[in-house]
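Here the structure comes first, spelled out in structure tokens, and everything after it is commentary.
The values are calculated or read from the model by the stated rules, or taken from the named source; none is laboratory data. Computed from a prediction, not measured in an experiment: that's the story for all the values here. Glycine gets a Cβ as well: all are built from the backbone with ideal geometry, and neighbour counts include every protein chain shown. Quick note on the areas: whole protein, heavy atoms, side chains included, nothing else; ligands and nucleic acids left out. Shrake-Rupley method; radii C 1.70, N 1.55, O 1.52, S 1.80 Å.
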Amino acid sequence: MKRWCISLALLQALIVSSAAAQSFDLSVPSIMRGPEHVGEPPSAIRWSDDGRWIFFRWKPGGQPWHESTALYRVRADGGTPERLDDAAADSLGVLLASGEISSDGRSRVVSYQGDLYLINRRSLDVRRLTDTRTNYSSPIFSRDGRTIYYISDNNVFALTLADGGLRQVTDLRSGPAPSEPRAATGQRGFLEQQQHELFEHIRLQVEQREAARERTRAREELAARKPAYLDRNERIASLAVEPGGRYAVVSTASTSQADALRTSIPYWVTESGYTEPREFRTKVGDEQGSSGRMGIVSLENGEVRWLDVARATRAPSDTSTAAPEFGFTRFAGWNDQGTAGLVAATSADFKQEWLWSMDAATGALTLLLTERDEAWVAGPCSSCAGWLPDGRAWFVSERDGFAHLYSIAADGTGMRQLTSGNWEVHSVEISPAKDRFYLRTNEVSPHEQHFYHMRFDGSNRTRITTMPGRQDATPSPDGSRIAFVHSTPNQPPELFVAANRAGANARQLTTSPTAQWSSFPWLHPEIVHVPARDGVSVPARIYRPSDMGAESNGAAVIFVHGAGYLQNVHNWWSTYYREYMFHHLLAQRGYTVLDIDYRGSAGYGRDWRTAIYRHMGGKDLTDQVDGSRYLRDNYGIDPERVGIYGGSYGGFITLMALFTAPESFGAGAALRSVTDWAHYNHGYTGRILNLPQDDTLAYRRSSPIYFAEGLEDPLLIAHGMVDTNVHFSDVVRLAQRLIELGKTDWEMAVYPVEDHAFVEPTSWTDEYLRILKLFDDHLRD
């Protein structure tokens, strides 16, 4: 009996020991091995044409951090996902390539590795149409399904499926068009005239040359295809053939940025042993190149009619000669009949957008919509536009303050708002049956996103997904089912399948995290609201020590998400999942952690998005300061014991917080930080702050480097040395500024092999151990 008791005790000890070995290690080195614990979520979801299989890229947890995602497939009716080896994945590449579906729904044509393939969508038989070293792209069917149009060498070709007949239908040539030689004048003209007068040999050369030119002109007059020439420094960017095969839209881009300077970034740790500089982007306000042109090509004779988009921006009653400067134009698609296209353009200052209906036969542009925003035109679905089967156009606009769906007739009349309310439309597509919209919106709450059906007139909007969190749905080819990626704050994204109808039960197909990671009681952080000084209620996630069974250490940390226009306060999995785990560690050590969706964040409408116009470090910063006050008022935490940290935009805010509001914070860690907005890129910064040469006030009051003299509290600066987004030179310039100001309570950690988004766990670990030490040394009791 005694021996049995000893054995039972030993068994219990072994069980406890085994459970402890299996529990998740909540430490910085463990947390920063992120993808080894939670994997990489299912992505690139594709259905087989027969609807029997779902293909996706995925990496479940438990694999080395540096291993890439692999191609998997799973039966649509359930089962265990099957990883496909490289050979199998390559053999399926044609079937998984995106392509055009024929009007009868039976076939699909794709471009794969430069060649064209025809797929029978019922039998999945594949017919190879080309086998050359020439690249063929953008294939589409003619309306009758007998011809494939595609692009090669910047021209449109037609391939007849019945007999393989091939013809070139456009003759677009890099410019300029040949011109008649100009007669010499002055001294050179005298010499040429003398040669003609004296020598019969010269006169015969001239006659033969003129005869050859005349024959060329005559051939071109008779040719079915008329050559069209582009300007010097102009290239063909895209071609879009209408379904009937009569017209194509050609878009060009300028290759000239002769006066633009690009930043040279040294790569320090290289295979060669030498420092290797590489050139990357320009800076805001530098030469950006022209916006290019758009024209209609007749596929019958090759003639091109260039669209006068600038003229079309003005109403008929507007007689002014001034035309806006365009940032870019784009073609948004042909209607089903091939009689009209949608053309969109954005002004160079990002404050205006236009949408036109374009008549295919004449090139006439009818203005459907002019959007103007005193800040900048954007939103979660700002480039979403297309055609309805009845010939009306649809588009998404923030004209009422939130991104909503509208429709309008092709002649510009009868605009209808199809959705409304204090919520946003995030994605729009037309169902396979072309009988309804498929939408993803945050109608339920700013903190959730769901999949909906809605009729084309805006009626009968029906929520299909029901699980709390976010759902990104991919409909099956016949629209009867959806594969969707779903997540919650404490469960990484997983792939599910369900019938495409309201209330249908969903079946989970993947499990990404390891059992060890899942064994930890991960929090579903409560969403609270911070009262801002201007009366606005600012959403935030909170992690309390009591949530982790710990006592408060009297300190707090505010995390500032990056990107600016990004949402991190929501009920789905965060892209900042390492930080999510790190916040558990902080809470376990007694810190209260606040994660704020400050002004400028995504998900809350136009006014929230543009609240930072001409002043980054304004309301986005005061929301953090008000967060510090919230921690004081609700948890009794002294502002001098509130730390702040974040990366990229979050690093910028951290610098502004320590430089301009030292009374509200006690220490900060600025990671991969913008220190001077005049050194960031054009597309992002030019929208928010205009151009540095035009709006010096906006740049001066928004750039931390101008406020460095305000540093009073301990600061950690961490940056990758091969950061191609926010360049390493940003923090080098700030370091020199701090040195010249005599500031000493700061340190810099540099990471020689890291870009903007760190990759290697050793770099992540070093960085976050330094952050933890900073807070432990300066904030805790």
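Please find, among Gly503, Gly564, the residue that is open to solvent by less than 10 Å² (accessible area, probe 1.4 Å) and at pLDDT below 95.
Being open to solvent by less than 10 Å² (accessible area, probe 1.4 Å) and at pLDDT below 95 holds for just one of Gly503, Gly564, which is Gly564.
I'd like to check something: does the range 527-540 contain any residue that is part of a loop (DSSP other than H, G, I, E, B) and among the hydroxyl-bearing types (Ser, Thr, Tyr)?
No, the range 527-540 contains no residue that is part of a loop (DSSP other than H, G, I, E, B) and among the hydroxyl-bearing types (Ser, Thr, Tyr).
Looking at Ser382, Ser407, which one is buried (at least 17 other Cβ atoms within 10 Å of the Cβ) and modelled with pLDDT under 95?
Ser382
Got a sec? Which of Arg544, Arg578 is closer than 20 Å to Val28 by Cβ, in contact (Cβ under 8 Å) with a residue 12 or more places away in the chain and open to solvent by 20 Å² or more (accessible area, probe 1.4 Å)?
When all the criteria are applied, what remains is Arg578.
Quickly run through the range 269-296 and pick out the residues that are more than 20 Å from Asp723 (Cβ to Cβ) and assigned to a strand (DSSP E or B).
Met294, Gly295, Ile296
Would you say Thr592 is of a type outside the set (A, V, I, L, M) and touching a strand residue (DSSP E or B) at 6+ places or on another chain (Cβ under 7 Å)?
yes
State whether the residues of the range 428-448 include one that is touching a residue at least 40 places away in the same chain (Cβ under 8 Å) and within 22 Å of Val38 (Cβ to Cβ).
yes
All but one of (1) at pLDDT below 95; (2) within 27 Å of the chain's Cα centre (by Cα); (3) open to solvent by 60 Å² or more (accessible area, probe 1.4 Å) hold for Asp86; which doesn't?
Evaluating Asp86 over (1) at pLDDT below 95; (2) within 27 Å of the chain's Cα centre (by Cα); (3) open to solvent by 60 Å² or more (accessible area, probe 1.4 Å) leaves (2) as the failure.
Of a type outside the set (D, E, K, R) and over 21 Å from the mean Cα position of the chain (by Cα): does that describe Asn442?
Spelling it out, it is not the case that Asn442 is of a type outside the set (D, E, K, R) and over 21 Å from the mean Cα position of the chain (by Cα).
With respect to the numbered conditions (1) touching a strand residue (DSSP E or B) at 6+ places or on another chain (Cβ under 6 Å); (2) surrounded by 18 or more Cβ atoms within 10 Å (Cβ to Cβ), which one is the sole condition not fulfilled by His37?
For His37, the exception is condition (1).
Can you tell me which residue within the range 695-713, out of those that are charged (D, E, K, R) and under 31 Å from the mean Cα position of the chain (by Cα), is farthest from Gly651 (Cα to Cα)?
So the residue we want is Asp695.
Out of (1) open to solvent by less than 30 Å² (accessible area, probe 1.4 Å); (2) in contact with a helix residue (DSSP H, G or I) (Cβ under 7 Å, 6 or more places away or on another chain), the odd one out for Arg632 is which?
(1)
Restricting attention to the range 427-463, which residues are outside any loop (DSSP other than H, G, I, E, B), in contact with a Ser or Thr (Cβ under 8 Å, 6 or more places away or on another chain) and open to solvent by less than 30 Å² (accessible area, probe 1.4 Å)?
Phe437, Tyr438, Leu439, Thr441, Gln449, His450, Phe451, Tyr452, His453, Met454
Which of (1) in contact (Cβ under 8 Å) with a residue 24 or more places away in the chain; (2) open to solvent by 60 Å² or more (accessible area, probe 1.4 Å) does Asp131 not meet, given it meets every other one?
(1)
Anything in the range 506-532 that is closer than 18 Å to Met548 by Cα and surrounded by fewer than 16 Cβ atoms within 10 Å (Cβ to Cβ)? List them, or say none.
Selection gives Ser519, Pro521, His524, Glu526.
Okay, residues lined up against (1) in contact with a Gly (Cβ under 9 Å, 6 or more places away or on another chain); (2) surrounded by fewer than 18 Cβ atoms within 10 Å (Cβ to Cβ); (3) touching a residue at least 24 places away in the same chain (Cβ under 8 Å); (4) of a type in the set (D, E, K, R):
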site: Gly683; (1), (2), (3), (4): yes, yes, no, no
site: Gln693; (1), (2), (3), (4): yes, yes, yes, no
site: Ala698; (1), (2), (3), (4): no, no, yes, no
site: Val726; (1), (2), (3), (4): yes, no, yes, no
site: Thr744; (1), (2), (3), (4): no, yes, no, no
site: Ala757; (1), (2), (3), (4): yes, yes, no, no
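Please count how many residues of the range 134-185 are among the β-branched types (Val, Ile, Thr) and either open to solvent by 100 Å² or more (accessible area, probe 1.4 Å) or within 16 Å of Tyr229 (Cα to Cα) (or both).
Result for the range 134-185: 4.
Quickly run through the range 341-375 and pick out the residues that are among the aromatic types (Phe, Trp, Tyr) and surrounded by fewer than 20 Cβ atoms within 10 Å (Cβ to Cβ).
If the condition is that a residue be among the aromatic types (Phe, Trp, Tyr) and surrounded by fewer than 20 Cβ atoms within 10 Å (Cβ to Cβ), then Phe350 is the only one that fits.
Taking the range 108-128 only, how many residues are open to solvent by 30 Å² or more (accessible area, probe 1.4 Å) and small (Gly, Ala, Ser)?
So the answer is 2.
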